[in-house]
Amino acid sequence: MSNLQFSEFLKKKRERDTLSGHIDWEIRRKIWLDKLDFLFHRQIAAWLSPYQKEGFLDTRIDQVAIQEDVMGTWGRYDAPMMAIHVISETVTLTPVGMVILGGLGRVDMVGSLGKLMLVLNDSGQAPGFHMVRVTSIPPKEAVFHNLESARSQQIIPMEERMRRADWYFVPPTDRRSLLRVTEETFTEHLQNIVRS
């Protein structure tokens with residue numbers, strides 16, 4: 001790596017760190033709450049509506065207090081949570097928070113047979129650090145894999161990433177992959193965590 005490459009690296013790092021240092025928690029929290037509202041009201045409640053009309057289940061949306069210390073004064077807020085009553089059992093969908101590793105927010109879906117994680121993600125790829133990998137080839141020399149693609153990626157503000165993001169299941173058997181939350185995947189996973 002030449003000094004010019006290192007200088008460019010440092011400039012990009014400063015740009016990213018400066019951009020991430022000015023976090024508007026109020027806007028991020030609003031987007032997060034909108035994403036939760038959309039998931040619970042417009043997606044899940046709509047998908048389950050035919051079964052609710054048949055009397056097989058009932059849904060309810062309440063509020064839960066969230067505390068995210070990293071957000072400072074904006075870190076305490078109320079967020080929607082959903083309960084799905086399936087005959088004699090209840091499945092809850094409870095937001096964990098929006099400041100998480102590997103995603104832009106997380107909801108835990110808990111039933112009598114287990115727990116699943118739903119993550120808000122803008123890439124459709126599982127969390128990981130595979131963008132830039134450094135391998136020592138002889139000592140003191142390094143090869144950067146995919147460095148050009150990492151450099152060429154535009155820095156997108158977190159608020160925009162959150163707006164673009166979709167909900168994904170993190171399969172418990174393979175945490176390296178993601179499965180988009182759709183009507184089919186949701187009802188399948190709901191069925192898997194409720195006793196038959």
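List pairs: first residue in region 37-59 and over 16 Å from residue 90 (Cα atoms), second residue open to solvent by 70 Å² or more (accessible area, probe 1.4 Å) and of a type in the set (Asp, Glu) anywhere in the structure, Cβ distance under 6 angstrom, at least six positions apart or on different chains.
47/183
On the basis of being among the hydrophobic types (A, V, I, L, M, F, W, C), in a strand (DSSP E or B) and modelled with pLDDT under 90, does residue 119 make the cut?
No: the conditions fail for residue 119.
State all residues of region 43-97 that are open to solvent by 40 Å² or more (accessible area, probe 1.4 Å) and either on the phi > 0 side of the Ramachandran plot or acidic (Asp, Glu) (or both); if no residue qualifies, say none.
The answer is 54, 55, 58, 62, 69, 72, 78, 87.
Restricting to region 44-70, give me the number of residues that are under 15 Å from residue 187 (Cβ atoms) and touching a Lys or Arg at 6+ places or on another chain (Cβ under 7 Å).
Selection size over region 44-70: 0.
Give the residues of region 60-78 that are within 13 Å of residue 26 (Cβ to Cβ) and part of a helix (DSSP H, G or I), sorted by residue number.
Within region 60-78, 71, 72, 73, 74, 75 meet the criteria.
The values are calculated or read from the model by the stated rules, or taken from the named source; none is laboratory data. Everything numeric in this text was worked out from a predicted model, so none of it was measured. All Cβ positions, even for glycine, are placed from backbone atoms using ideal geometry, and neighbour counts span all protein chains on display. Only protein heavy atoms, including side chains, enter the accessible area calculation; ligands, DNA and RNA are left aside. Shrake-Rupley method; radii C 1.70, N 1.55, O 1.52, S 1.80 Å.
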